[in-house]
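These notes concern the structure reproduced below.
The values are calculated or read from the model by the stated rules, or taken from the named source; none is laboratory data. Keep in mind that what you see is a predicted model, and the values were worked out from it rather than measured. FYI the Cβ positions are ideal-geometry reconstructions off the backbone, even for glycines, and counts take in every protein chain you see. Only protein heavy atoms, including side chains, enter the accessible area calculation; ligands, DNA and RNA are left aside. Shrake-Rupley method; radii C 1.70, N 1.55, O 1.52, S 1.80 Å.
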Amino acid sequence: MSDCKNTKDTTPIPTREGQGGGSLASKYSPAEVEGKWYQYWLDNKLFSSKPDGREPYTIVIPPPNVTGVLHMGHVLNETIQDILVRHARMEGKNACWVPGTDHASIATEAKVVNRLAEQGIKKSDLTREEFLKHAWAWTEEHGGIILKQLRKLGCSCDWDRTGFTMDEIRSESVIKVFVDLYRKGLIYRGVRMVNWDPKALTALSDEEVVYKEEHTKLYYMKYYLADNVPSDFVAGEGNIVHKDEKGYYAVVATTRPETIMGDVAMCINPKDPKNQWLKGKKVIVPVVGRVIPVIEDEYVDIEFGTGCLKVTPAHDVNDYMLGEKYNLEAIDIFNDDATLSDRIAIAQQKSLAEVSVSDDFVIGLEKYVGMERFACRKQIAEDMTAAGLMEKIENYDNKIGCSERTGVPIEPKLSMQWFLKMEHLADIALSPVMNDDIQFYPAKYKNTYRHWLENIKDWCISRQLWWGHRIPAWYIEQPLSTSPRGGEGFPWGKVIVAENEEEAYKLALETYPILKTLPPAGGAGEGLGFALRQDEDALDTWFSSWLWPISLFDGIRNPGNEEIKYYYPTADLVTGPDIIFFWVARMIMAGYEYEGKMPFKHVYFTGIVRDKLGRKMSKSLGNSPDPLELIEKFGADGVRMGMMLSAPAGNDILFDESLCEQGRNFNNKIWNAFRLVKGWEVTDGGQPEAARIATQWFSAKLRLAAEELADDFSKYRLSEALMTVYKLFWDEFSSWYLEMVKPAYVDGKPQPVDRATYDATLQFFEVLLKMMHPFMPFITEELWQALYERKAGESIMQAELHLPAATDADRQLCADFETIKEIVTAVRSVRSQKNIAPKEKLTLEIVKKEDNDYASIITLQSSISKMANLSDMNIVTEKSKGSASFLVGTTEYAVPLGSLIDLDAERKKLETELQHLEGFLTSVEKKLSNERFVQNAPAAVVEMERKKQADAQQKIASIRETLASL
RNA sequence: GUCGGCAUAGCUCAGCUGGUUAGAGUAUCACCUUGACAUGGUGGGGGUCCUUGGUUCGAGUCCAAGUGUCGACACCA
């Protein structure tokens, strides 16, 4: 034991043997401990859950991307889930945490495309089947890495239940739901304006568009009048007319000059005084030479730009609406990758053929064909300026809608897509959250949720991707191998939605009996007289994620099975508020639609993990630590604690490595407390009074703490719960309890501890370990196993925390102990001020007065003696001359100092305190002398003030007395 | 622009239905290498509770306005 301090040996303790603390290293080393116990938990199937008679507690993991790697956001999220799961498990619930991964169609497909590109393979050169082979290979190669990493963190997931959004069960569930919703009339297909990602080459949902602030330009372009303007033309009052040598013109402001190629009208507000002269006119689209009408609609903002709006129905959502309203043609000028289509040149020829337009206004569009959209914007602006068609260009700050995944600006595009009607689903999902059937933590997100549901638009669920669930829709076609069959009344091109191709054939024949009249086709596999071609599109990833809490228990394919009946609804969902619409809201919809019940009872929204300067963690800033390196450095328990120390629900957390350091230090503290206790030699001697009192007090303290802890958990205040156990262990247990029961040293040798104290201490330690286990699973298991002899396969994970409820006597004892602590601290403070060594024994005098409140303290005096290192405690009526005194409550205490006393300093200290007390008394008396206070305030409050007054008066008298005697 | 949250010690945050001259962790300062732990011990200092007004016997807490800040949504081409 004596050489402990110098040892650098960090070998973890042997678990069963080696009860002697003396063999333990002075520093806790997590590395081996953590690996060892995780394997033990796995070997003994301690995470596994099967339905039984106990109350279930279920969490489904927010599935990370299958090819992702662990980042700090995951650490926060998964730590919280693990804490909740472990806590529930120790409450005796049947805890089931289901892990899994998400196929993340856009992200994964993009990664596969990139890798193929590195190998010189273009996606377009591959068939769908070939591409999917590559994608699966990639998934198997990189998939599940993140799940392995979760084990390092200590996550107690039931790994046998691991799901994947594209495995068989989940895929079949998705298809089944699609078919069902289609048959319910909630899914439809149609041409709509959608958000097009020109890099990923797919449509996106509104939620997948993020807006970015950008500095752009506002271009003011000249649209010359096509009408002959009489020479005596006079615009009315208030009109603003533009005219130059080429003629009269209107000015249109736009941020996207390249889209003029799709212009089909110019729109003004009918009430706009400055543009009245344009009513009923026709104008020439510059560069293009197309003659377009001036239309009127109040949609146009009079104040913006010049009040003239160019209408391009194919490339702007609002213009699209105008186009619908006024029956305008939509000219799509872009290819799918947002390069300029050759349709623009064709359109120009067509428009020039109709009306003759002076060459002054026209530039041949061939040169722009194939150009990238932004290059074209720059080019066309230059060309227009050169041709005198540009009035001016201004700087303009704008928010651009960009693809969440690829980051490129979205192109609004008309296309044929599949949509899910949201009205009914939003209806069933709103009220459970608003009336707290499903509780949000923090509740502020209820507003966000409501706002979204009340303004919801139909969900575009089709994606032009291959990696994902292929839409189960087939189009009826004529077989290729036979000559065209034509014929009126045949359903060529009609869509059939079914769970598989076979079903689709059946359904096609049922729906269109006329198909039965066709002679069989000749080709292989074309026994029927028609062919079915499956839709090429895949489904939005979230269309599978939204079923996750149901599909993980196979509740879609096998409704009402044992598992879904037992585990659903799940208890808690832990996720970031950034996916409240993508995922949380939609799971609630699916939950009510398919199970008739909420998918989870509580939603815990985490904050975003930022660095200590408040910046988002990102690869480019290099401010995102690698969680695995942190775990190596501080241990998983240390990292978990570092994360949780400052992570109240919903608040962003400013992560700093020093928090993990704090966590590691705490582990070390626990470790060393264990070393102390396990190093004790035990005798059958009697229990010292100080130790007897201490054990009594600490068992009361534990009961109170357990209540506090339960309260914190019930409110999902996990960082406060952690702080509760942190202080309980470090301050109450280590600094007070252990110091009180610690046997003394005699002649440099530690004395043995009595059996009663030893047993109690071990029991306390076990309770503390259980309280800390959800937060720090590894070290608590290590020490729990070493504390007592355990059976094979046993674990702290399953140890329940049974503590009797705290009693009034417990509360009183703990309150008295707070007084003791004050006295001890005051004595220590005297030592510190007077430079008296802790070893030197002191005497403490309790000054007896009428109405003194020290009665209960006297019974605890042995503890005071021990902690303050006193030789004597005397009750006196008159304190010794030359003593330092202090007040605790209304009782005066004094430490005789003899020659050590510094009268000036003592006087000064007392005067400061006196001043403070007098100020306090004044404020209390002011209150009491206010008649309205005495009349209006509750009696208890007034009584309290009177007590404060009396106490203060007593204290002041006591200090005055002391001052006088000095 | 609309809506919402937040503003308390150097930092990160508690502070419940208004009622001790406001608390914690951390940082900081002083002292201490003692015999579980210097990844430690002991003691201390540190606050105009954003501003202004109001309600009230009484406001960090309730109300209003303002300022700052963060977020959601909507966007004017």
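Magnitude of the charge dipole for chain A, about its Cα centre and with charges confined to Cβ atoms of Lys, Arg (+1) and Asp, Glu (-1), is about 1400 debye. Each peptide in A:282-289, A:894-901 was scored by the mean count of other Cβ atoms within 10 Å over its residues; highest first, the order is A:282-289, A:894-901.
Specify the angular offset, from 0 to 90 degrees and rounded to the nearest 10, of the alpha carbon long axis of helix A:808-834 from the longest principal axis of the alpha carbons in chain A. Compared with the principal axis, the helix lies near 80 degrees. Counting only the Cα atoms, segment A:840-887 fills a convex hull of 82 Å³ per residue. Its DSSP H runs of at least 4 residues, each contributing -39,500 (n - 2.57), put the calculated 222 nm mean residue ellipticity of chain A at -12500 deg cm²/dmol, to the nearest 500.
Relative to the current alpha-carbon distance between A:Glu800 and A:Tyr326, full extension at 0.36 nm per residue lengthens the span by 163.5 nm. Taking 7 Å steps out from each Cα toward its Cβ at A:Asp904 and A:Lys367 produces label points 9.4 nm apart. Each listed q (0.12, 0.15, 0.21 Å⁻¹) maps to a log10 I(q)/I(0) for segment A:385-451 from the Debye sum over equal C-alpha point scatterers, namely -0.69, -0.86, -1.01. If R0 equals 45 Å, the separation of the Cβ atoms of A:Lys457 and A:Gln39 corresponds to a calculated FRET efficiency of about 0.35. If you take the square roots of the eigenvalues of the alpha-carbon gyration tensor of segment A:639-701 and sort them as a ≥ b ≥ c, do you get rounded (a/c under 1.5), prolate (a/b over b/c) or oblate? Oblate, because a/c is 1.5 or more while a/b does not exceed b/c. The Rg/Rh ratio for segment A:51-133, using Cα coordinates for both the radius of gyration and the Kirkwood hydrodynamic radius, is 1.22.
Excluding same-chain neighbours fewer than eight residues apart, the lysines reachable from A:Lys246 by a Cα-Cα span under 19 Å are A:Lys222, A:Lys281, A:Lys282, A:Lys392.
If every alpha-carbon in segment A:733-782 counts as one equal scatterer, what log10 I(q)/I(0) does Debye give at q = 0.20 1/Å? Ignoring solvent entirely, the Cα scatterers give -0.78. From the Kirkwood radius over Cα pairs of segment A:859-966, Stokes-Einstein at 20 °C and 1.002 mPa s returns a whole-number translational diffusion coefficient of 134 µm²/s.
Per residue, the solvent-accessible area of segment A:869-917 (1.4 Å probe, heavy atoms of protein chains only, all protein chains present) comes to 52 Å².
Relative to the dominant Cα principal axis of chain A, helix A:373-386 is inclined by about 60°.
The Cβ shell under 15 Å around A:His451 holds other residues with a net charge of +1, Lys and Arg each +1, Asp and Glu each -1. Across the options A:Val209, A:Asn936, A:Ala508, the greatest Cα extent toward the positive end of the charge dipole of chain A (unit charges at beta carbon of Lys, Arg, Asp, Glu) belongs to A:Asn936. Using only side-chain charges placed at the Cβ, +1 for Lys and Arg and -1 for Asp and Glu, the dipole size of segment A:286-327 relative to its Cα centre rounds to 280 debye.
Farthest towards the positive end of the charge dipole of chain A, among the residues A:Thr517, A:Leu654, A:Ser965, is the Cα of A:Ser965, using unit charges on the Cβ of Lys, Arg, Asp and Glu. In this structure the amide hydrogen of A:Leu218, modeled in the peptide plane, comes within under 5 Å of the amide hydrogens of A:Glu394, A:Asn395, A:Tyr396, none closer than 5 places in sequence on its chain. For segment A:173-269, just say rounded, prolate or oblate: build the C-alpha gyration tensor, square-root its eigenvalues into a ≥ b ≥ c, call rounded for a/c under 1.5, and beyond that prolate if a/b exceeds b/c, oblate if not. Note, shape of segment A:173-269 comes out prolate. Among beta bridges from DSSP that stay inside chain A, the antiparallel ones total about 70%. Helix A:72-90 and the long axis of chain A differ in direction by around 60°, with both axes built from C-alpha atoms. Sorted into 10 angstrom bins from 0, the C-alpha pair distances of segment A:770-898 split as 11, 31, 18, 18, 15, 5, 0 percent. Cα to Cα, under 19 Å, and not fewer than 8 places away if on the same chain: which lysines meet these conditions relative to A:Lys841? Partners found: A:Lys742, A:Lys821, A:Lys866, A:Lys879, A:Lys881. For segment A:712-803, the extents of the C-alpha atoms along the principal axes are 50, 33, 22 Å, listed from largest to smallest.
Panel note: the C-alpha atoms of segment A:487-594, placed on their principal axes, show extents of 58, 33, 25 Å (largest first). Once backbone amide H atoms are built at 1.01 Å from N, A:Met166 has A:His103 as its partners under 5 Å, excluding neighbours fewer than 5 places away on the same chain. Accessible area per residue for segment A:686-749 is 43 Å², calculated with a 1.4 Å probe on protein heavy atoms, without ligands, DNA or RNA.
Sequentially through segment A:447-457, phi angles give Karplus couplings (6.51, -1.76, 1.60; θ = phi - 60°) of 4, 4, 4, 4, 4, 5, 5, 7, 10, 6, 10 Hz, Gly and Pro residues having no value and appearing as x. Look at the alpha carbon pairs under 8 Å that are at least 6 residues apart: their mean separation over the length of segment A:253-387 gives a relative contact order of 28 percent.
For chain A, just run the numbers: alpha carbon Rg, then divide by 2.2 N^0.38 Å, N being how many residues it has.
1.30
The residue list A:Thr890, A:Gly596, A:Ile292 was ranked by how far each Cα lies along the charge dipole of chain A toward its positive end, using unit charges on Cβ atoms, and A:Thr890 comes out on top. Relative protection proxy for A:610-616, A:951-957, from highest mean packing down: A:951-957, A:610-616 (other beta-carbon atoms within 10 angstrom). Evaluated at q = 0.10, 0.11 Å⁻¹, the base-10 log of the normalised Debye intensity for segment A:594-685, with identical point scatterers placed on the Cα atoms, takes the values -0.44, -0.50.
For segment A:55-186, relative contact order (Cα pairs under 8 Å, six or more residues apart, normalised by length) works out to 37 percent. The gain in end-to-end length when the A:Lys848 to A:Glu510 segment is fully stretched comes to 111.5 nm, 0.36 nm per residue minus the alpha carbon separation. So what is the relative contact order of chain A, in percent, for Cα pairs below 8 Å that sit 6 or more residues apart? For chain A, the relative contact order is 13 percent. Given a cut-off of 26 Å, name the pairs among A:Lys176/A:Lys457; A:Lys123/A:Lys413; A:Lys616/A:Lys715; A:Lys212/A:Lys619 whose C-alpha atoms lie farther apart than that in the structure shown. With Cα atoms farther than 26 Å apart: A:Lys616/A:Lys715. The Cα center of segment A:219-278 and the Cα center of segment A:153-218 differ in position by 44 Å.
A straight chain from A:Glu423 to A:Lys791 at 0.36 nm per residue would run longer than the Cα-Cα distance by 126.8 nm.
Legend: translational diffusion of segment A:111-184 by Stokes-Einstein, Rh = Kirkwood radius over C-alpha pairs, 37 °C, 0.692 mPa s; D = 216 µm²/s. For segment A:672-768, the C-alpha radius of gyration sits at 1.19 times the compact-globule guess of 2.2 N^0.38 Å, with N the residue count.
Near A:Phe634: Cβ cut-off under 13 Å, other residues only, Lys/Arg at +1 and Asp/Glu at -1. The net charge is -3. Under 5 Å between amide hydrogens, built in the peptide plane, is the criterion, and for A:Thr306 it picks out A:Ala253 among residues at least 5 positions away or on other chains.
So if I take the centroid of the Cα atoms in segment A:582-655 and the same for segment A:73-111, what is the distance between those two points in Å? Segment A:582-655 and segment A:73-111 have Cα centres spaced 10 Å from each other. Computed from backbone phi, the HN-Hα couplings of segment A:892-897 come to 9, 10, 9, 10, x, 10 Hz, rounded to whole numbers (Karplus: 6.51 cos²θ - 1.76 cosθ + 1.60, θ = phi - 60°; Gly and Pro given as x).
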